[in-house]
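Only one structure is covered here, and it is reproduced in the block below.
The values are calculated or read from the model by the stated rules, or taken from the named source; none is laboratory data. None of the values given here were measured: they were computed from a predicted structure. Note that each Cβ is placed from the backbone with ideal geometry, even for glycine, and that neighbours are counted across all protein chains shown. Just so you know, the surface numbers come from the protein's heavy atoms only, side chains and all, with ligands and any DNA or RNA stripped out. Shrake-Rupley method; radii C 1.70, N 1.55, O 1.52, S 1.80 Å.
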Amino acid sequence: MTITLSNDEQSPHILVLGMGGTIAGLAPSPESNPLFYQAGQVNVGDLLTNIEKALPEGLKIVSRQVANINSSNLSEALLTQLGDLVRSSLANTALIGIVVTHGTDTIEETSLFLHATCGKYAGKLSKRIVLTGAMLPSNAPGADGPSNLINAIRWVSKPVDQCPGGVFAVFAGNVCMARDLAKRHSSELNAPLRDSPCSPLDSISQSWLDGVKAIQAVPGDDLPIPREQAWPWVEILTSHVGARSETIQNCLSPGVEGLVISGTGQGGFSNVWKEPLDKAIADGIALVRSTRAGAGIVRPDLPEKDTVGCMASGSLSAPKARIALQLAINAAKEKVVNTKNLQWQDFFVMQTLQTKSSS
Ligand code: SIN
């Protein structure tokens, strides 16, 4: 036996949290049709038993099943449970680090969430949280889940002088900062980080590592984790040819607190949206511009686009900007953390204007 799979969290261990996804998926006919499968079928404990022999000698691993779902069904309440569990586990002095196995479809949202709510804490403790998943179900020929999980566990166990603490993601032999993760292909094995600043695991690039250190060194605190029922309602609207002004009003049901525009180019949108969006801002709706282009930065200070109060998403995709906006609105409301009476824009900036890690 090379590793110990255990429930004992009192002696040095790595915690592996299972959320489901394709890494835990099963295909009825894996040989003939591996992409016809159900996500979230195999327990995380069984995923670990399958790779036991490939792990470094003497590791102790504790696993916990947080959920076993297709990540397109991930709820905000589940993010709260995951975030609370990650923070309380980090506080355990016997914990070395945490691996999260997750569906790739929404992993970028969970990654941004954990970075924004647990990243500073993990950095201060010099511990790593590493997200991973798979593009092929667990019983497909050439399944990528086992090697991704092995690599994630290795990355968590790396000595701290080789990489600081923080939140990372590992896929297809590469590692990136979790906040940079963005699924940019529907089926390639490296889809979640193919366009992200990353480094090959077997030859970590110095410029990537310098980027990680720069982000971890940015002063500031983690944002609070919203309570399960307290997540602000924020919608994403995609700008497109033939946009209608009524669309804005239609998506502003009572209770909606924010909108993220997945805009054209640098975060633009049709002129017909200008007036209803100005009115929405005047009515207290938080507005963020991002781009549907799939890559690149959306900069602030484009006067023709930035009505007073509207923020630019920086490097965040629309789904990540939505999570960032929810956390920012929540932080502005939480008087315990917001003793300086900051606005949601101040909390949003903390997540978007940090130094971007380089490839
Ligand atoms: C999921 O996101 O749960 C399914 C797709 C995947 O993991 O690749």
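Residue check: is Val86 modelled with pLDDT of 95 or more, open to solvent by less than 70 Å² (accessible area, probe 1.4 Å) and within 13 Å of the ligand (Cβ to nearest atom)?
Here the answer is no, as Val86 does not meet what is asked.
Has the range 251-260 got at least one residue that is under 30 Å from Ile129 (Cβ atoms), under 19 Å from the mean Cα position of the chain (by Cα) and either in contact (Cβ under 8 Å) with a residue 40 or more places away in the chain or outside any strand (DSSP E or B) (or both)?
Yes, because at least one residue in the range 251-260 is under 30 Å from Ile129 (Cβ atoms), under 19 Å from the mean Cα position of the chain (by Cα) and either in contact (Cβ under 8 Å) with a residue 40 or more places away in the chain or outside any strand (DSSP E or B) (or both).
I'm trying to understand the selection: among the residues of the range 261-272, which are part of a loop (DSSP other than H, G, I, E, B) and closer than 16 Å to Ala286 by Cα?
Gly267
If you take the residues in the range 211-240 that are assigned to a loop (DSSP other than H, G, I, E, B) and polar (S, T, N, Q), which one is nearest to Ala328 (Cα to Cα)?
Result: Gln229.
Mind listing whichever residues of the range 20-44 are more than 12 Å from the ligand (Cβ to nearest atom) and either under 18 Å from Pro192 (Cα atoms) or among the charged types (D, E, K, R) (or both)?
Glu31
Of these, Gly166, Gly123, which one is crowded, with 24+ Cβ neighbours inside 10 Å, at pLDDT 95 or above and within 19 Å of the chain's Cα centre (by Cα)?
Gly166
Looking at the structure I just gave you, is Ser186 in the same structural domain as Leu47 (by TED's automatic domain parsing), closer than 24 Å to Ala91 by Cα, open to solvent by 20 Å² or more (accessible area, probe 1.4 Å) and out of contact with any Asp or Glu (no Cβ under 8 Å at 6 or more places or on another chain)?
Against the criterion (in the same structural domain as Leu47 (by TED's automatic domain parsing), closer than 24 Å to Ala91 by Cα, open to solvent by 20 Å² or more (accessible area, probe 1.4 Å) and out of contact with any Asp or Glu (no Cβ under 8 Å at 6 or more places or on another chain)), Ser186 does not qualify.
For the range 111-143: of the residues being within 10 Å of the ligand (Cβ to nearest atom) and out of contact with any Asp or Glu (no Cβ under 8 Å at 6 or more places or on another chain), which is nearest to Gly25 (Cα to Cα)?
By that ranking, first place goes to Pro137.
For residues that are surrounded by 21 or more Cβ atoms within 10 Å (Cβ to Cβ) and out of contact with any helix residue (DSSP H, G or I) (no Cβ under 6 Å at 6 or more places or on another chain), tally how many sit in the range 216-231.
Going through the range 216-231 one residue at a time, the tally reaches 0.
Just for the range 22-49: of the residues that are more than 28 Å from Ser88 (Cα to Cα) and not in a loop (DSSP other than H, G, I, E, B), which one is least open to solvent (accessible area, probe 1.4 Å)?
Across the range 22-49, the extreme among qualifying residues is Leu26.
Quick check, is Leu5 over 16 Å from Lys127 (Cα atoms), open to solvent by less than 20 Å² (accessible area, probe 1.4 Å), more than 16 Å from the ligand (Cβ to nearest atom) and over 25 Å from the mean Cα position of the chain (by Cα)?
For Leu5, the condition - over 16 Å from Lys127 (Cα atoms), open to solvent by less than 20 Å² (accessible area, probe 1.4 Å), more than 16 Å from the ligand (Cβ to nearest atom) and over 25 Å from the mean Cα position of the chain (by Cα) - is not met.
Conditions (1) open to solvent by 10 Å² or more (accessible area, probe 1.4 Å); (2) closer than 27 Å to Ala77 by Cα, marked per residue:
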{"site": "Lys279", "(1), (2)": "yes, no"}
{"site": "Gly294", "(1), (2)": "yes, no"}
{"site": "Ser315", "(1), (2)": "yes, yes"}
{"site": "Ala328", "(1), (2)": "no, yes"}
{"site": "Lys333", "(1), (2)": "yes, yes"}
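Hydrophobic (A, V, I, L, M, F, W, C), touching a Ser or Thr at 6+ places or on another chain (Cβ under 9 Å) and at pLDDT 95 or above: is that true of Val62 in this structure?
Taking the combined requirement at face value, the residue satisfies it.
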